[in-house]
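Have a look at the structure below, then the notes.
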Amino acid sequence: MTSSKASPSPPPSTTESTQQNPQSEEMVTPTASDISSVLDSPANKAQEAHHIAFFNSIPWCSSLLGSTPNLIISQSVSRIIRPSGCEEDALISQTLNSPDAIPAYITFYSPPPKPTDYVNEIKSLIALGPKVNGWEGICHGGIVMTLLDEVMGQIFAVNKDSGAMGSKMPLLTGYLNTAFKRPVRTGTKEKPAIVLVVARMTKIEGRKHFCEGVVYGDEEGRNELARAEALFVQLREQKL
């Protein structure tokens with residue numbers, strides 16, 4: 001799953017972990033944070049550049065990232081370093097953002113014909129260290145499901161940012177049905193294993209958004225390791 005070519009050391013951890021757990025439609029209100037200014041901070045620019053360089057140092061990952069003209073490559077919105085005290089996306093941006101857990105994670109996709117057209121497919125490269133183990137050398141099943149849920153969720157982040165989704169209200173997971181085909185291997189702190197996660201939007205019915213996701217790994221991302229079908233439900237706009 002990893003290359004014999006020397007690669008940059010995984011990015012350092014950023015902040016201590018916190019938690020957020022919205023429970024209901026009535027209690028959840030969209031965050032009014034200015035994501036664009038956060039993304040442009042020196043810390044986030046440096047983290048993004050390090051992550052992209054890390055994957056580009058691995059031949060099969062570099063081949064994927066260079067396979068399509070005009071491919072949009074960035075760190076995922078849920079991985080950005082947020083202002084102190086902000087607990088949004090804490091699981092991905094803080095708890096699992098360490099050299100021996102998930103040290104590197106980027107998202108890439110082909111731009112749609114028009115900037116405001118819907119992006120239906122997102123791909124991610126994710127590095128897995130030993131702190132996400134269940135059995136030794138094997139990623140915990142709950143983390144595998146988290147990866148699938150996470151990358152499917154990036155479809156909504158991209159389309160909200162572009163304006164393709166009319167509403168910026170959050171979407172919550174309704175169900176995530178997962179089939180585990182093969183063990184998802186992890187690596188070491190010095191040489192994490194790499195997986196490719198592909199997520200697609202399959203259907204939209206009002207506030208219901210149906211997706212599918214696949215985790216690929218082993219032999220340069222060629223083998224299907226896990227697959228999921230999911231429903232995400234967008235919260236209603238709150239009336240004043």
Suppose we filter region 61-72 for residues that are out of contact with any Pro (no Cβ under 6 Å at 6 or more places or on another chain), under 14 Å from LYS123 (Cα atoms), open to solvent by 20 Å² or more (accessible area, probe 1.4 Å) and not small (Gly, Ala, Ser); how many remain? 3
Scan region 158-187 for residues that are touching a residue at least 60 places away in the same chain (Cβ under 8 Å) and closer than 20 Å to CYS61 by Cα and report the count. 2
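For every residue, the table says whether it meets (1) open to solvent by 60 Å² or more (accessible area, probe 1.4 Å); (2) among the aromatic types (Phe, Trp, Tyr); (3) at pLDDT 85 or above; (4) farther than 23 Å from ALA127 by Cα.
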| position | (1), (2), (3), (4) |
| --- | --- |
| GLN23 | yes, no, no, yes |
| THR29 | yes, no, no, yes |
| VAL38 | no, no, no, yes |
| SER41 | no, no, no, yes |
| PHE54 | no, yes, yes, no |
| GLN75 | no, no, yes, no |
| LEU91 | yes, no, yes, no |
| ILE106 | no, no, yes, no |
Selection from region 154-169 of residues that are open to solvent by less than 20 Å² (accessible area, probe 1.4 Å) and not aromatic (Phe, Trp, Tyr): GLN154, ILE155, ASN159, MET165, MET169
Just give me the residues in region 218-230 being at pLDDT 95 or above and either open to solvent by less than 20 Å² (accessible area, probe 1.4 Å) or of a type in the set (Lys, Arg) (or both), in sequence order. LEU225, ALA226, ARG227, ALA228, ALA230
Looking at region 108-125, which of the residues that are among the hydrophobic types (A, V, I, L, M, F, W, C), assigned to a strand (DSSP E or B) and in contact with a helix residue (DSSP H, G or I) (Cβ under 6 Å, 6 or more places away or on another chain) is surrounded by the most Cβ atoms within 10 Å (Cβ to Cβ)? ILE122
Evaluate the following for VAL198: is it under 25 Å from ASP100 (Cβ atoms) and under 15 Å from the mean Cα position of the chain (by Cα)? no
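The values are calculated or read from the model by the stated rules, or taken from the named source; none is laboratory data. Keep in mind that this is a model prediction, so the values were computed, not measured. Because the Cβ atoms are built from the backbone with ideal geometry, glycine has one as well, and the counts that use them run over all protein chains shown. Note: accessible area is taken over every heavy atom of the protein model, side chains too, but ligands, DNA and RNA are not part of it. Shrake-Rupley method; radii C 1.70, N 1.55, O 1.52, S 1.80 Å.
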